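Encoded as structure tokens, the structure appears first; notes follow it.
A short reminder: the numbers here are calculations on the coordinates, not readings from a lab. As the structure is a computational prediction, the values presented were derived from the model and not from experiment. We place every Cβ from the backbone using ideal geometry, glycine too, and count neighbours over all the protein chains shown.
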Amino acid sequence: MADKKLKVTLIKSPIGYDKSQSKILEALGLRKLNHSVVLPNNESVKGSIFHVRHLVKVEEI
């Protein structure tokens, strides 16, 4: 299961939300709307995604 990846896509702008959520998106590598990144499926990434779950779409690859 360690080789599983997550495709995370930014679907909503962080403008108007707490600045910490913007920092989390920046740490995940998400910059613009509809920008996608492939990240490892581990607990730290899933915890970060949990905090911004209303702004992103997650797919398992």
- Among the residues of the stretch 10-24, is any among the aromatic types (Phe, Trp, Tyr), within 12 Å of the chain's Cα centre (by Cα) and outside any strand (DSSP E or B)? no
Selection from the stretch 12-26 of residues surrounded by 12 or more Cβ atoms within 10 Å (Cβ to Cβ) and not basic (Lys, Arg) yields SER13, PRO14, TYR17, GLN21, SER22, ILE24, LEU25
Residue pairs within 8 Å by beta carbon, gap of at least six or interchain, first lying in the stretch 1-27 and over 13 Å from VAL45 (Cβ atoms), second among the charged types (D, E, K, R) and in a loop (DSSP other than H, G, I, E, B), listed first then second, are LEU10/ARG31; LEU10/LYS32
